[in-house]
Amino acid sequence: MNRQLIRSYILLVAVAILLFTVPVAFTLTDQLRDDTESSVKREANTMAFLLGNGDRASCEALTKVAKAYGNVQATPTASCDPRLPAPRGDAALTRAVTRNEATTDWGSDFVWGKHLTVTVPADGDAAVRIVYSTSDMTTRLWQIWGFRAALAVLVLAAAAAIGAFAARRITAPLRELNSMASKFSDGDLTARSPVTGPPETQTLARTLNQGAERLDTLVASQRIFVADASHQLRTPLTALRLSLDNIADGVEDEFVREDVEQATAEVVRMSRLVNGLLVLARAEAKVTAAEPLVLRDIVDERLAVWRPAADERGVTIALGGSADGRLLVLAGPGHLDQVLDNVLSNALEVSPDGGRITVEVESRADTVVLSVLDEGPGMSDADKSRAFDRFWRGQGLTGRTGSGLGLAVVRQLVTDDGGTVTLADAPGGGLKVEISLRASPRSGG
């Protein structure tokens with residue numbers, strides 16, 4: 001839009017220059033031509049008068065004037081021989097001598113030629129001709145048009161600068177609105193646009209700000225509801241699980257025991273679902289700010305927690321990569337713990353007995369990549385595209401026991417910390433979860 005405004009402004013100024021400067025230049029050119037023609041005719045008439053007098057003084061004066069003027073030709077008369085070159089016979093000379101008519105020849109139909117030729121009659125069937133060089137006129141012509149061309153270029157340059165300034169000033173409110181819309185699309189519902197610019201953009205900014213305020217309030221209310229509901233549900237679910245465990249301990253009937261165990265499994269899954277909702281509600285509320293954390297310490301701690309569960313199934317959890325052990329990343333307190341717990345839980349559920357889970361840490365420029373690779377069935381491209389959707393469960397083991405919130409929680413927490421998470425095929429089969437985190441400026445210090 002800025003370019004269109006600048007082009008329109010320059011075009012408007014260019015049209016103004018054409019309408020006012022070019023006609024003035026043509027007028028000055030015509031005036032130069034007319035003044036020169038009048039001056040040369042006046043000199044030629046003076047010389048013709050001297051030639052027609054025929055006395056000695058007039059002839060001597062004619063000779064002196066002609067020598068001072070330049071290229072002058074005159075036909076000699078019986079009473080006066082000015083000793084000037086005689087003009088060659090042509091239509092203009094014949095008209096001057098026989099018809100007593102003066103003629104003017106500019107030598108070209110376009111502006112003028114190299115010489116201006118003026119032929120005037122004199123008394124006694126004589127004539128005087130002045131051949132005037134137009135070189136000085138041509139120089140003056142270039143000055144007239146060159147000055148105006150240079151002036152036009154300067155005016156257009158100034159118009160471009162002024163147009164750029166004006167365009168930026170005019171579109172500044174629109175850029176503010178676009179910035180607000182971009183922040184909204186990134187999930188920042190607190191973004192607001194300053195109410196500036198013309199009345200139309202001010203009205204639009206107020207409307208968008210009011211809509212954003214309303215939307216932010218609604219989303220905040222929803223988050224509060226989810227958090228409160230999740231928190232309130234945790235206590236009865238825990239009590240229900242304990243009651244089912246007590247019932248299972250006192251039941252001897254195998255069929256009843258199976259029903260109780262199935263109910264307990266559903267309560268466990270519901271507890272995971274409630275916990276996931278609570279984590280998501282807190283993450284979306286952005287109650288914590290990212291701070292420098294030692295990634296290796298967090299990874300070692302979470303692997304130590306999950307190794308006993310992996311050992312029960314003969315699954316090996318190994319730490320790989322060659323990154324610095326004191327590498328710092330920017331993350332909210334507790335975020336990486338929950339991220340690793342969710343990713344390792346999924347990897348352990350899909351890993352076959354005796355399989356291997358590999359955790360790798362790699363430093364890349366200003367990011368640190370944390371990867372978790374398993375040897376499970378992996379995911380199709382269609383499943384990968386939906387894996388981060390809330391409550392979506394795939395067809396693997398996690399599809400039967402998971403809550404459908406694990407990877408959604410991972411993406412929310414990683415995104416809040418300014419990172420990204422992607423899914424890819426692991427070498428040799430299985431799934432690779434790649435988490436890119438921001439490296440702290442103090443890394444390696």
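Sorting Leu413, Leu174 by accessible area puts them as Leu174, Leu413; the probe is 1.4 Å, largest comes first, and only protein heavy atoms count. Note: relative contact order over the chain, using C-alpha pairs below 8 Å and six or more positions apart, is 10 percent. Note on the chain: with a GNM built from Cα contacts shorter than 10 Å, the maximum mean-square fluctuation among Leu208, Leu328, Leu242 falls on Leu242. Partner lysines whose Cα lies under 21 Å from the Cα of Lys114, excluding those fewer than 8 positions away in the same chain, are identified as Lys41, Lys67.
Arg140 contributes an accessible area of around 110 Å² to the protein surface, as traced by a 1.4 Å probe with all chains present. Once Lys and Arg get +1 and Asp and Glu get -1 on their Cβ, which of Val329, Ser351, Pro377 lies farthest toward the positive end of the dipole of segment 320-382? Highest projection toward the positive end goes to Val329. When nucleic acids and ligands are ignored and a 1.4 Å probe is applied, Ile170 ends up with an accessible area of around 100 Å². Once R0 is set to 56 Å, what does the formula 1/(1 + (r/R0)^6) return for the Cβ-Cβ distance between Asp188 and Glu37, expressed as a FRET efficiency to the nearest 0.05? Efficiency at R0 = 56 Å is approximately 0.15. Legend: helices of the chain (whole DSSP H runs) are marked when their alpha-carbon atoms reach 24 angstrom or more along the helix axis and their mean Kyte-Doolittle hydropathy is at least 0.5; marked are 135-185. Which residue, chosen from Leu11, Ala304, Ala91, occupies the Cα position most advanced towards the positive end of the dipole of the chain, where the dipole is computed from +1 (Lys, Arg) and -1 (Asp, Glu) charges on Cβ about the Cα centre? Result: Ala91. In whole angstrom, note down how far apart the Cα centers of segment 53-84 and segment 21-43 are. Cα centres, segment 53-84 to segment 21-43: 29 Å. Normalising the average separation of contacting C-alpha pairs (under 8 angstrom, six or more residues apart) by the number of residues puts the relative contact order of segment 1-105 at 14 percent.
When the helices of the chain are scored as -39500 (n - 2.57) per DSSP H run of n ≥ 4 and the total is divided over every residue, the value at 222 nm lands at -21000 deg cm²/dmol. Taking Gly376, Gly320, Gly54 in turn, the Gaussian network model of the chain (Cα-Cα springs below 10 Å) assigns the largest fluctuation to Gly54. For an R0 of 25 angstrom, estimate the FRET efficiency from the Cβ-Cβ distance between Met270 and Lys384 and round to the nearest 0.05. Efficiency, rounded to the nearest 0.05: 0.40. Ranking of Asp416, Asp300, Asp374 by solvent-accessible surface, largest first: Asp300, Asp416, Asp374 (1.4 Å probe, protein heavy atoms only, all chains present). With a simple spin-label model that places each label point 7 Å from the Cα along the Cα-to-Cβ direction, the separation between Val15 and Thr98 comes to 5.7 nm.
Using the Cβ-Cβ distance between Ala160 and Val22 with R0 = 22 Å, the FRET efficiency computed as 1/(1 + (r/R0)^6) comes to roughly 0.65. Placing +1 on the Cβ of every Lys and Arg and -1 on the Cβ of every Asp and Glu, with nothing else charged, gives the chain a dipole about its Cα centre of roughly 2620 debye.
For Gly332, the residues whose amide H sits under 5 Å from its own are Glu291, ignoring neighbours fewer than 5 places away on the same chain, with H placed 1.01 Å from N. In segment 111-220, a dipole from Cβ-located charges (positive for Lys and Arg, negative for Asp and Glu) runs towards its positive end, and of Thr138, Leu116, Ala191 it is Ala191 whose Cα lies farthest in that direction. GNM remark for the chain: springs join alpha carbons under 10 Å apart, and the peak mean-square fluctuation among Thr203, Thr415, Thr46 falls on Thr46. Per-residue surface analysis assigns Ile6 an accessible area of about 40 Å², computed on protein heavy atoms at 1.4 Å probe radius. Rounded to the nearest 20, the Cβ-based charge dipole of segment 1-160 about its Cα centre (Lys and Arg +1, Asp and Glu -1) stands at 600 debye.
The values are calculated or read from the model by the stated rules, or taken from the named source; none is laboratory data. Bear in mind the structure is a predicted one, so any value in this text is a computation, not a measurement. All Cβ positions, glycine included, derive from the backbone under ideal geometry; neighbour counts span all protein chains shown. Note: accessible area is taken over every heavy atom of the protein model, side chains too, but ligands, DNA and RNA are not part of it. Shrake-Rupley method; radii C 1.70, N 1.55, O 1.52, S 1.80 Å.
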